[in-house]
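First up is the structure itself, then whatever we jot down about it.
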Amino acid sequence: MPVSPEILKQVKAIELRTRGLVGTLFAGEYRSVFRGQGMEFAEVRAYEAGDDFRTIDWNVSARLGSPYVKTFTEERELTLMLVVDQSGSTRFGEPVSKAGLAVEVASVLALAAAYHNDRVGALLFADEVEAVIPPRKGRRHALRVIRDLVAFQPAGSRTNLAASLSYASRLLRHHSIVVVLSDFIAEGWDRPLRRLAARHEVVAITVDDPREHDLPESGWIEMQDAETGRRVLVDTGSREVRQRLKALAARRREERIRTLTASGADLVMLETGTDYALPLRRAFALRARRIRRG
């Protein structure tokens, strides 16, 4: 399929804009963050002074009457699957849309995977799964993933996150890292996410726009649901209306956090108009520390 010069220009811009982040943010943290999926069991051997007690194989130790530890070797490659929401609700936001933010963060992760010679693929969805890029290695393939992310135009507008997560579960036969980038404005995705996280390492990256939870004072405005087309008039000049909507948005965010945390996924929260590098790095550093603590 021919690619327009404008798409190629956008891909190049993303690559240049994120080069420093990929090189510094993930050079040392990428492997430690995903260490659990980068190690495979090798053998057991007798415990030696200085060994980490957390690696003791208690079943073998009990059977043989003395302590034995598990040893691991680093897998040659990891598989990273990017599940990217491009539904109507993600087309909202400024100066960049939530969809645009999801694409750029996914691009950073794709380039980080290529940097470490890992396999990376993508699944793009709206009201259904509309595009799947099978995981492969190499910088050229990572750039192909970014190209397809940038060029993607969804046929649908609604969000079927549940079906997309179930699709990812069926697609990935081996233990993988799954990064879900979405605003999670959908129903019924909690159970499919739990099933996905039970088999894979899942990181949920939420993308929001500040105006979704803190409306500006702009008088009467007409608001349209990007997915259903439904229109309503809202008096943003009323402090009471703004406070009520803010409280409703806060409850939804809190419920989303509880559901994501309960699923077993790691959570990263991003907003449009804010530099994503710092919260992304902070979240990954916290995860790396937690893994090291065992």
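The values are calculated or read from the model by the stated rules, or taken from the named source; none is laboratory data. Just so you know, these numbers come straight off a predicted model, no measurement behind them. No Cβ is skipped: glycine too gets one built from the backbone with ideal geometry, and neighbour counts run over all protein chains shown.
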Q: Mind counting the residues in segment 237-272 that are among the small types (Gly, Ala, Ser) and modelled with pLDDT of 90 or more?
A: 5
Q: Check segment 85-95 and report whether any residue there is under 19 Å from residue 19 (Cα atoms), in the same structural domain as residue 277 (by TED's automatic domain parsing) and not basic (Lys, Arg).
A: no
Q. Do we find that residue 124 is touching a helix residue (DSSP H, G or I) at 6+ places or on another chain (Cβ under 8 Å), touching a residue at least 40 places away in the same chain (Cβ under 8 Å), within 15 Å of residue 180 (Cβ to Cβ) and not in a helix (DSSP H, G or I) in this structure?
A. yes
**Q.** Sole residue being among the β-branched types (Val, Ile, Thr), in contact with a helix residue (DSSP H, G or I) (Cβ under 9 Å, 6 or more places away or on another chain), in a loop (DSSP other than H, G, I, E, B) and at pLDDT 85 or above, chosen from 103, 96
**A.** 96
Q: Using the structure shown, decide if residue 130 is assigned to a strand (DSSP E or B) and assigned by TED's automatic domain parsing to the domain that holds residue 261.
A: yes
Q: Among residues belonging to segment 1-13 that are at pLDDT 85 or above, hydrophobic (A, V, I, L, M, F, W, C) and under 13 Å from residue 151 (Cα atoms), point out the one that is nearest to the chain's Cα centre (by Cα).
A: 11
Q. From 251, 199, 239, 191, which residue is within 24 Å of the chain's Cα centre (by Cα) and loosely packed, with under 12 Cβ neighbours inside 10 Å?
A. 251
Q.
Looking only at segment 152-186, count every residue that is modelled with pLDDT under 95 and either on the phi > 0 side of the Ramachandran plot or among the small types (Gly, Ala, Ser) (or both) and tell me the total.
A. 5
Q) Taking residue 117 and the conditions (1) free of Cβ contacts under 8 Å to residues at least 60 places away in the same chain; (2) surrounded by fewer than 24 Cβ atoms within 10 Å (Cβ to Cβ); (3) in contact with a strand residue (DSSP E or B) (Cβ under 7 Å, 6 or more places away or on another chain); (4) not basic (Lys, Arg), which numbered condition does it fall short on, given that it satisfies the others? A) (3)
Q.
Step by step: first the residues of segment 163-188, then only those that are surrounded by fewer than 14 Cβ atoms within 10 Å (Cβ to Cβ) and of a type outside the set (Gly, Ala, Ser), then the one that is nearest to residue 239 (Cα to Cα). Which residue is that?
A. 187
Q | segment 204-231 - residue that is part of a strand (DSSP E or B) and either of a type outside the set (Val, Ile, Thr) or modelled with pLDDT under 95 (or both) and, of those, surrounded by the most Cβ atoms within 10 Å (Cβ to Cβ) | A | 204
Q.
Quick check on my filter: what residues within segment 87-100 are surrounded by fewer than 24 Cβ atoms within 10 Å (Cβ to Cβ) and touching a Leu at 6+ places or on another chain (Cβ under 9 Å)?
A. 93
